[in-house]
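Structure record follows, encoded as structure tokens.
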Amino acid sequence: MSSKLVSMDEAAAKISDGAVVTVSSSSGLGCPDKILEAIGSKFDREGHPRNLTTLHPIAAGDMYGIKGIDHIAKDGLLATIIAGSYPSGPSSMPMPEIWKMLVENRVAAYNVPSGILFDMHRDAAANRPGVLTKVGLDTFVDPIRQGCAMNAVAAEKPIVTRQELNGETWLHFPNIIPDVAIIRATTADERGNLTYEHEGAYLGGLEQAIAVRNHGGLVIAQVKRVTASGSLRPHDVRVPGHLVDLIVVDPDQRQTTETDYDPAISGQVMRPWSSFTLAEHGIEKVVARRAAMELKTGQTANLGFGISAMVPRVLLEAGKEQAVTWAIEQGATGGMPLTGFAFGCASNADAYMPSPQQFLYFQGGGFDVSFLSFLEVDLEGNVNVSKLGKKPYLTAGCGGFVDITASARKIVFSGLFEAGAQLDLTDEAMTVRAPGKFTKMVDEVEHVTFSGRRARELGQDVLYITERCVIRLTDEGLLATEIMPGINAQQDIFDASQGRVKIAENASLMPKALLQSGKLELDL
């Protein structure tokens with residue numbers, strides 16, 4: 001048996017001009033960074049490979065040391081990118097190269113919901129006629145809006161159409177056949193069997209490898225180490241060796257963003273619950289506390305980035321850290337979802353679902369409630385989290401947001417009412433000392449990541465929780481039903497939103513306990 005172990009440069013040399021390359025990663029989590037670097041370096045030296053199309057169910061790389069897609073974000077090398085999300089970070093940092101290419105129309109760039117991209121790999125693998133889905137209807141995913149296109153050059157080459165079937169409207173994504181899969185694991189044996197013992201998620205490596213193998217393509221696996229044939233437990237193998245063509249080794253690959261290796265992230269140790277930090281008291285924690293009040297013991301809840309990510313820490317502080325089961329799109333189920341650079345990982349998880357299977361669960365609406373954030377909300381109740389023209393890389397794109405909200409029974413959006421407002425917080429009241437630069441309640445959002453109109457059609461229960469009020473989506477629009485103590489409803493809500501948020505006649509006061517710095521007695 002010939003060895004599958006090759007150098008990074010040898011693996012990069014196997015990628016042909018015009019190839020469709022699918023990459024398994026989630027920002028820094030599971031990113032095969034070294035092989036992407038080798039592809040970029042080969043192009044710099046030789047001008048090849050050229051005109052690649054890359055598929056990324058979740059982002060490849062971050063802005064904090066794992067360049068990922070930025071290694072190959074070069075004119076002539078990258079022609080098209082279809083991604084669930086893109087590297088993102090604060091405006092104080094330089095714009096990633098992939099975003100420069102996107103905004104300057106130097107690459108055809110699309111943002112396709114992560115779950116749909118995983119579905120596309122499965123359908124390509126099985127030679128089915130592409131993905132037929134209702135996920136994304138009436139959002140930017142829908143051809144009646146942008147059809148996933150992130151720039152003008154992409155809009156010229158549509159990748160999704162509307163189809164009528166049995167009297168219902170569906171979105172159809174035709175197959176995109178990948179020629180190369182670049183995946184990552186922890187260990188490979190000499191036959192190419194892959195185990196993931198140091199990884200924080202399984203992501204979609206198996207589906208991507210099958211899609212490529214079923215069409216005679218090339219599968220490259222980046223791993224931390226190689227072991228002898230027969231030394232891996234069969235039950236631990238997540239990608240079998242017959243699907244893997246080449247193995248490359250990076251002994252220093254990071255587990256996730258700014259994390260070399262934390263055994264709690266990969267479930268090899270269980271942390272004491274007392275070792276997790278509590279959320280710092282402040283305005284965002286007040287919002288997260290009110291969001292937590294929407295939970296009931298025994299529920300399964302999905303969690304997104306932003307203020308919502310603080311909700312598990314609110315439960316921890318209240319001594320109810322295991323009262324609900326958290327499910328995040330990268331696949332961790334149960335335990336304590338992590339915040340900051342480690343978002344997308346969890347410690348003390350009950351299980352690590354492969355991300356594609358987690359998205360099946362989300363798309364079908366099997367969970368009880370989703371906690372997500374918003375950048376802006378409009379009169380229709382539409383939410384934008386996926387595109388900001390002035391500061392594009394402040395958002396990663398939609399990720400799994402569209403898959404999650406498509407069929408969710410209940411959605412709790414959290415965010416601040418205005419940008420840059422000066423607020424005073426005491427144990428008794430929240431007051432607005434100076435108004436913000438602009439309200440986040442707008443006439444029309446820049447990008448419809450969530451459709452308020454479709455939510456009303458489906459009967460979804462939708463709340464928008466801010467530091468000033470709780471807003472409910474009604475047939476008449478946005479209605480503030482709860483007011484924070486200290487907030488002037490007329491001045492700080494109705495006037496500040498230019499009348500876009502109405503005040504309910506029977507609006508109640510939010511509990512003062514949300515404001516207080518002591519422990520919150522949370523009744524679920």
Q | Per-q log10 I(q)/I(0), region 116-162, q = 0.30, 0.32, 0.33 Å⁻¹ (Debye; single scatterer per alpha-carbon; no solvent) | A | -1.08, -1.12, -1.14
Q.
Return the Rg/Rh ratio of region 173-327 with Cα-based radii and a Kirkwood Rh.
A. 1.09
Q.
Only four residue types carry charge here, +1 at the Cβ of Lys and Arg and -1 at the Cβ of Asp and Glu. Report the dipole size of region 285-330 about the Cα centre in Debye, rounded to the nearest 20.
A. 180 debye
Q. Considering the dipole of the chain built from charges on the beta carbon (Lys and Arg +1, Asp and Glu -1) around the Cα centre, which of Ser407, Pro113, Val244 is farthest to its positive end?
A. Val244
Q | Pair Ser92, Ser508: separation of 7 Å Cα→Cβ label points (nm) | A | 4.1 nm
Q | Angstrom value of the Kirkwood radius, inverse mean 1/r, which spans all Cα pairs in region 1-79 | A | 12.7 Å
Q: Would you mind estimating how fast region 364-440 diffuses translationally, via Stokes-Einstein at 10 °C and 1.306 mPa s with the Kirkwood radius over Cα pairs, in µm²/s?
A: 109 µm²/s
Q: Roll a 1.4 Å probe over the protein chains and send me the accessible area per residue for region 398-524 in Å².
A: 44 Å²
Q) Which stretch or stretches of region 499-524 have amide N atoms under 12 Å from the point lying 7 Å from Lys296's Cα along the Cα→Cβ direction? A) 524
Q) Rounded to the nearest 20 Debye, what is the dipole magnitude of the chain about its Cα centre when Lys and Arg each give +1 and Asp and Glu each give -1 at the C-beta? A) 460 debye
Q) Is it possible to state the helix-based mean residue ellipticity at 222 nm for the chain, with each DSSP H run of 4+ residues giving -39500 (n - 2.57), the sum divided by total residues, to the nearest 500 deg cm²/dmol? What is it? A) -4500 deg cm²/dmol
Q: Identify, among Asn382, Pro485, Val160, the residue whose Cα sits farthest towards the positive end of the charge dipole of the chain, taking +1 on the Cβ of Lys and Arg and -1 on the Cβ of Asp and Glu, with the dipole about the Cα centre.
A: Val160
Q: Sequence neighbours fewer than 8 away in the same chain don't count; with that in mind, list the aspartates and glutamates whose C-alpha is under 13 Å from Lys391.
A: Glu446
**Q.** Potential extension, Glu258-Gln490 segment - 0.36 nm per residue separation minus Cα distance
**A.** 79.0 nm
Q.
Cβ neighbours within 10 Å, averaged per peptide: list 175-182, 414-421 in order, most packed at the top.
A. 175-182, 414-421
(Q) With just the Cα atoms defining each centre, how far is region 206-225 from region 498-524? Give it in Å. (A) 51 Å
Q: Take the alpha-carbon positions of region 216-266, form their convex hull, and give its projected area averaged over all directions (one quarter of the hull surface) in nm².
A: 4.8 nm²
**Q.** Radius of gyration, Dmax [region 401-503; alpha carbons; angstrom]
**A.** 14.2, 40
Q) Label points 7 Å out from Cα along the Cβ direction at Gln422 and Asn51: separation in nm? A) 5.8 nm
**Q.** Using θ = phi - 60° and Karplus 6.51 cos²θ - 1.76 cosθ + 1.60, couplings along region 90-105 (whole Hz; Gly, Pro as x)
**A.** x, 5, 6, 9, x, 5, x, 4, 5, 5, 4, 4, 5, 6, 8, 6
Q: Go ahead and collect, in residue order, the members of region 180-197 whose backbone nitrogen is under 19 Å from a label point 7 Å along the Cα-Cβ direction of Lys14.
A: 180-195
Q) From the residues Gly76, Tyr261, Gly436, which one has its Cα farthest along the dipole of the chain in the positive direction, the dipole being from +1 and -1 charges on Cβ of Lys/Arg and Asp/Glu about the Cα centre? A) Gly76
Q) Which lysines does Lys387 reach when only Cα atoms under 18 Å apart count, and residues fewer than 8 places away in its own chain are ignored? A) Lys100, Lys440
Q. Where the accessible area of the chain is counted over protein heavy atoms with a 1.4 Å probe, how much of it, in %, is carbon and sulfur?
A. 49 percent
Q | Rg/Rh for region 1-154, where both radii come from Cα atoms and Rh is the Kirkwood radius | A | 0.98
Q. Straight-line reach from Lys296: which lysines have Cα under 26 Å away, leaving out those fewer than 8 places along the same chain?
A. Lys285, Lys320, Lys410, Lys512, Lys519
Q.
Using square roots of five times the C-alpha gyration tensor eigenvalues, list the equivalent-ellipsoid semi-axes of the chain in whole Å, biggest first.
A. 40, 26, 20
Q: Run the quick spin-label model on Leu165 and Leu5: label points 7 Å from Cα toward the beta carbon, then report their separation in nm to one decimal.
A: 4.7 nm
Q. So between Lys100 and Leu388, what do we pick up on full extension, going 0.36 nm a residue minus the alpha carbon distance?
A. 102.3 nm
Q: Below 19 Å Cα-Cα, how many Lys pairs turn up in region 1-92? Only count pairs eight or more apart in sequence, or on different chains, if you could.
A: 10
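The values are calculated or read from the model by the stated rules, or taken from the named source; none is laboratory data. Everything quoted here is computed from the prediction, not taken from an experiment. When we count neighbours, we look across all protein chains shown, and the Cβ atoms used for this are built from the backbone with ideal geometry, even at glycine. Note: accessible area is taken over every heavy atom of the protein model, side chains too, but ligands, DNA and RNA are not part of it. Shrake-Rupley method; radii C 1.70, N 1.55, O 1.52, S 1.80 Å.
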